[in-house]
Amino acid sequence: MPITFRKSLRILPGIRLNINRKSWSVTVGPKNGPKRTWSSTGRTTTSCDLPGPFGYRTTRTRRR
């Protein structure tokens, strides 16, 4: 079984620093609602979590 490492730190309300073994990323946005994530690998992700019975996630990803 591989050893994994993942850590998520809350910098400010609405801003998270996510660290794993190979890269890091910064996520900006509320817990429920639109979010934007920038990764050290060059990936940018936009996602939206809808509260209530709709609860699905729409994600758009692109690389630099």
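The values are calculated or read from the model by the stated rules, or taken from the named source; none is laboratory data. Note that the structure is a prediction, hence the values are computed from the model and not measured. Reconstructed Cβ throughout: ideal geometry from the backbone, glycine too, with neighbour counts over all protein chains shown. For accessibility, only protein heavy atoms count, side chains too; no ligands or nucleic acids. Shrake-Rupley method; radii C 1.70, N 1.55, O 1.52, S 1.80 Å.
Take Arg10 and tell me if it is open to solvent by 70 Å² or more (accessible area, probe 1.4 Å), of a type outside the set (Phe, Trp, Tyr) and in contact (Cβ under 8 Å) with a residue 12 or more places away in the chain.
Values: open to solvent by 70 Å² or more (accessible area, probe 1.4 Å): yes; of a type outside the set (Phe, Trp, Tyr): yes; in contact (Cβ under 8 Å) with a residue 12 or more places away in the chain: no.
No: the conditions fail for Arg10.
Report, by residue number, each residue of region 29-61 that is in contact with a strand residue (DSSP E or B) (Cβ under 7 Å, 6 or more places away or on another chain), open to solvent by 60 Å² or more (accessible area, probe 1.4 Å) and not in a loop (DSSP other than H, G, I, E, B).
Those that are in contact with a strand residue (DSSP E or B) (Cβ under 7 Å, 6 or more places away or on another chain), open to solvent by 60 Å² or more (accessible area, probe 1.4 Å) and not in a loop (DSSP other than H, G, I, E, B): Pro34, Arg36, Trp38, Arg43, Arg57, Thr58, Thr59, Arg60, Thr61.
Which one of these does Arg16 not meet: (1) open to solvent by 100 Å² or more (accessible area, probe 1.4 Å); (2) at pLDDT 95 or above; (3) in contact with a Phe, Trp or Tyr (Cβ under 9 Å, 6 or more places away or on another chain)?
All conditions pass for Arg16, except number (3).
Regarding Thr4, is this residue assigned to a strand (DSSP E or B) and free of Cβ contacts under 8 Å to residues at least 24 places away in the same chain? Before you say what the answer is, go through the steps one by one.
Working: assigned to a strand (DSSP E or B): no; free of Cβ contacts under 8 Å to residues at least 24 places away in the same chain: yes.
So Thr4 does not fit the description; no.
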